[in-house]
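*Asks:* Structure below; questions to follow.
The values are calculated or read from the model by the stated rules, or taken from the named source; none is laboratory data. Please read these numbers as outputs of a predicted model, since none were measured by experiment. Cβ coordinates were reconstructed from backbone atoms using ideal geometry, including for glycine residues, and neighbour counts include every protein chain displayed. Just so you know, the surface numbers come from the protein's heavy atoms only, side chains and all, with ligands and any DNA or RNA stripped out. Shrake-Rupley method; radii C 1.70, N 1.55, O 1.52, S 1.80 Å.
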Amino acid sequence: MPLLAGAEPYSGRGDGTGALLCHGFTGSPQSMRPWAEHLAAAGLTVELPRLPGHGTRWQDMRTTTSDHWFAEVENALLRLHRDCDEVFVMGMSLGGCLALRLAAAHPDKVAGVVLVNPSLVLENPLLPLAPLLKWIVPSTKGLAGDIRKPGIEEVGYDRVPTAAAATLPKLWRATRRGIPAITAPILAYRSDEDHVIGPRSLRMLGSKAVTTLTVHTLRHSFHVATLDHDAATIFDGSLAFVREHSRSGEGTNR
């Protein structure tokens, strides 16, 4: 199945500091591409994979699960770690959840975590019924495109496959259980007006995290903040975070 325009994965070869970027549920690498390019231009070795079932048509997601999505980013982390001295993981929405799970599962391989509007708890009260509803309602209204900045579009699906959504709670539970095991510092960005993810996710993270957690509020962006008015704040802030916590500082001074 052909990819949607802009949904291609991205790689940028730099020096010994790596950054793995994880995009969101029903989205694509397009929403993270400017961020990835910003980090690559600063000298980082960057990987932005496309999650299985994403970036083509929503029907292709129906046979994928949260296990498939995590496996994709975990493989990318292991590849980056082989090539780099250290790796920082970053993610938006579902991608933020995946980044946290990676940090918990591989504390020896993750030097730091950057989150943008992470998804960690149940937001839709009907989601627990999804395993049954998937046989009756194959899809629901899409989530993509929650952007405040005029004229900017997100490449993602206009429908949410119910079967794929039904696997999200398993990922959330596994991620929440692992948060106390995370040793890497965490930098989080939270849009004060987000029509996809509410404030409960970051409150939960703050209640469970035992590592350093810094949270910044984005005043001018909706959910897809990496394409919105505050994008530069995220890009520059994440690079400063890498420079602060990098053991060597290599690849971050161009």
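*Asks:* Under 9 Å between Cβ atoms, at least 6 apart or on separate chains: pull out the pairs that start in the stretch 24-42 with a residue that is more than 11 Å from Gly156 (Cβ to Cβ) and free of Cβ contacts under 8 Å to residues at least 40 places away in the same chain and end on any residue that is open to solvent by less than 40 Å² (accessible area, probe 1.4 Å) and of a type in the set (S, T, N, Q).
*Replies:* Taking only residues 6 or more apart or on different chains, the pairs are Arg33/Thr226.
*Asks:* Being open to solvent by 10 Å² or more (accessible area, probe 1.4 Å) and among the aliphatic types (A, V, I, L, M) is the filter; apply it to the stretch 168-186 and report the residue that is farthest from the chain's Cα centre (by Cα).
*Replies:* Ala181
*Asks:* Further, regarding this structure: Name the pairs whose Cβ atoms lie under 6 Å apart, with the first residue in the stretch 47-64 and farther than 14 Å from Val155 by Cβ, the second at pLDDT 95 or above and among the hydroxyl-bearing types (Ser, Thr, Tyr), and 6 or more positions between them or separate chains?
*Replies:* Within 6 Å, the pairs are Glu47/Ser11; Pro52/Thr64; Gly53/Thr64.
*Asks:* Within the stretch 25-40, work out how many residues are closer than 15 Å to Val73 by Cα and open to solvent by 10 Å² or more (accessible area, probe 1.4 Å).
*Replies:* The qualifying residues number 1.
*Asks:* Determine whether the stretch 229-240 contains at least one residue that is more than 13 Å from Pro118 (Cβ to Cβ) and either in contact with a Gly (Cβ under 8 Å, 6 or more places away or on another chain) or among the charged types (D, E, K, R) (or both).
*Replies:* yes
*Asks:* Mind listing whichever residues of the stretch 41-57 are open to solvent by 40 Å² or more (accessible area, probe 1.4 Å) and either assigned to a loop (DSSP other than H, G, I, E, B) or more than 16 Å from Gly91 (Cα to Cα) (or both)?
*Replies:* Those that are open to solvent by 40 Å² or more (accessible area, probe 1.4 Å) and either assigned to a loop (DSSP other than H, G, I, E, B) or more than 16 Å from Gly91 (Cα to Cα) (or both): Ala41, Arg50, Arg57.
*Asks:* Would you tally the residues in the stretch 1-40 being outside any helix (DSSP H, G or I) and among the polar types (S, T, N, Q)?
*Replies:* Summing the residues that are outside any helix (DSSP H, G or I) and among the polar types (S, T, N, Q) in the stretch 1-40 gives 4.
*Asks:* Another one. Check Ser93, Ser11 and return the single one that is farther than 18 Å from Leu168 by Cβ, open to solvent by 10 Å² or more (accessible area, probe 1.4 Å) and among the polar types (S, T, N, Q).
*Replies:* Ser11
*Asks:* Separate question: For residues that are assigned to a loop (DSSP other than H, G, I, E, B), open to solvent by 60 Å² or more (accessible area, probe 1.4 Å) and either touching a helix residue (DSSP H, G or I) at 6+ places or on another chain (Cβ under 8 Å) or at pLDDT 90 or above (or both), tally how many sit in the stretch 125-167.
*Replies:* So the answer is 10.
*Asks:* Now for a separate question. Across the stretch 209-254, which residue is nearest to Phe25 (Cα to Cα) among those that are touching a helix residue (DSSP H, G or I) at 6+ places or on another chain (Cβ under 8 Å), buried (at least 16 other Cβ atoms within 10 Å of the Cβ) and at pLDDT below 95?
*Replies:* Among them, the one singled out is Ala209.
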